[in-house]
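Shown next, in structure tokens, is the structure this report addresses.
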Amino acid sequence: MKKFLIKNLNNESSETGSNYKHHIESITIDGIPRFVNIEDNYSENFGYQWNKWHSILSDKRHPNNSGKKYDTIVKRTKFDKLETKDKTILECGCGGGDDTEVLLKFPFSEIHAFDLSNAVDRAAKFLKDPRLVFSQASIFDIPYEDESFDFVYCHRVLQHTPDPEKALKSIMSKVKPGGVLFVHSYHKSKNYMRHFKYKYRFITKRISVKKIEWFLDKYANTMHNLIEKMNQNRFLKKMAYAFIPLEYTQSFGNFSRAEIIELEKLVTFDALTPAYDKPMTWETMKNMVESENFEILFSNPNPSGSPIYLTARKII
């Protein structure tokens, strides 16, 4: 059990993309190995986000979810169609651990999960399992040897890195020959790029998270009501999507109206505050994965929308 040893990374400079360099120092705090220089941590908003909304997306801690998180992950990954018993998995960008909670439902022998932000503290607080190892690390300097894992999983992460293509290449390197990769990204499609966040992010990503939180607390209810009415008209629905800064959700599990609005606040915060939001085209994702000797098993090219994702096996 837990046979993998996290690499001993010294204070060496590593280049992760254009104008992005950092030094890595390994320390252990609260039982979690940390490989992150706080000065280069571009994901502080996610640490704040997942510690504030700590249970809203958890199937286990929020009974009104009705298994939505589990259903979404199984639908996207198709892991239920693959042999996971006694296999190892690396989760790249675990956030607060809501996906990790789902991965624990599969019979993996070991689950290793890391995130750049301090959301790993929230994940470690709520998730206890002898198969599970958390660390705080960069996707560009993953603290495991190449070709170490039977499965590598990266969900809702690539677009929030400074260099999504380099991040994808980094995670692919950790898959064993014959192993499985699952990767997801927002889609650089014409329709998705109309989304309101791409009009406002140049401002909102520079505003303090507290002010964004205040704005959502004050106006989310009003915006929800407005979008609800606008959605009755096809043209106005498109206008709401493109200009009103709220991720409208009509329904979610067995959520009450108040719970839905709180979920909308979370998803809108997630849209407006990240330092980076760089969607990828399907052609880029597909070509990169295939060029690294992977065979695509399941995929969602989503030509007119977002997200895109695929599950692929590394050819031996």
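The values are calculated or read from the model by the stated rules, or taken from the named source; none is laboratory data. What you see is a predicted model, and the numbers here were worked out from it, not measured in a lab. Using ideal geometry, Cβ is built from the backbone for each residue, glycine included, and neighbour counts are taken over all protein chains shown. Ligands, DNA and RNA are stripped out before the accessible areas are found, and what is left, the full protein with its side chains, is counted by its heavy atoms. Shrake-Rupley method; radii C 1.70, N 1.55, O 1.52, S 1.80 Å.
The table below lists the values:
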{"item": "Two-site label geometry, F126 and K75: point separation in nm, points 7 Å out along Cα→Cβ", "result": "2.1 nm"}
{"item": "Order by protection proxy (mean Cβ within 10 Å, highest first), peptides 264-273, 289-298", "result": "264-273, 289-298"}
{"item": "Of all accessible heavy-atom area on the chain, the percent that carbon and sulfur account for (1.4 Å)", "result": "50 percent"}
{"item": "Using alpha-carbon coordinates, inclination of helix 209-230 to the longest axis of the chain, degrees", "result": "60 degrees"}
{"item": "Placed amide H near V152: partners under 5 Å, 5+ positions off or other chain", "result": "L90, V180, L181, F182"}
{"item": "Cα-based helix-to-principal-axis angle, 282-291 vs the chain, degrees rounded to 10", "result": "0 degrees"}
{"item": "Separation between Cα centres of the range 285-308 and the range 249-281, rounded to whole Å", "result": "24 Å"}
{"item": "For Y200, net neighbour charge (Lys/Arg +1, Asp/Glu -1) across residues whose Cβ lies under 14 Å away", "result": "+4"}
{"item": "Exposure ranking of R131, R122 by accessible area [1.4 Å probe, largest first]", "result": "R131, R122"}
{"item": "Gyration tensor verdict on the range 110-153 (Cα atoms; rounded if a/c is under 1.5, prolate if a/b is larger than b/c, oblate otherwise)", "result": "oblate"}
{"item": "Binned Cα-Cα distance frequencies in the range 191-316 - 5 Å width, integer %", "result": "2, 10, 16, 17, 16, 14, 10, 8, 5, 2, 0, 0"}
{"item": "The range 95-164 - charge dipole about Cα centre, Lys and Arg +1 at Cβ, Asp and Glu -1, debye rounded to 20", "result": "420 debye"}
{"item": "Total lysine pairs under 24 Å (Cα atoms) in the range 145-230, excluding pairs fewer than 8 apart on one chain", "result": "24"}
{"item": "Unit charges at the beta carbon, dipole of the range 232-294: most positive-side option, A240, N287, G253", "result": "A240"}
{"item": "Using alpha-carbon coordinates, inclination of helix 234-243 to the longest axis of the chain, degrees", "result": "60 degrees"}
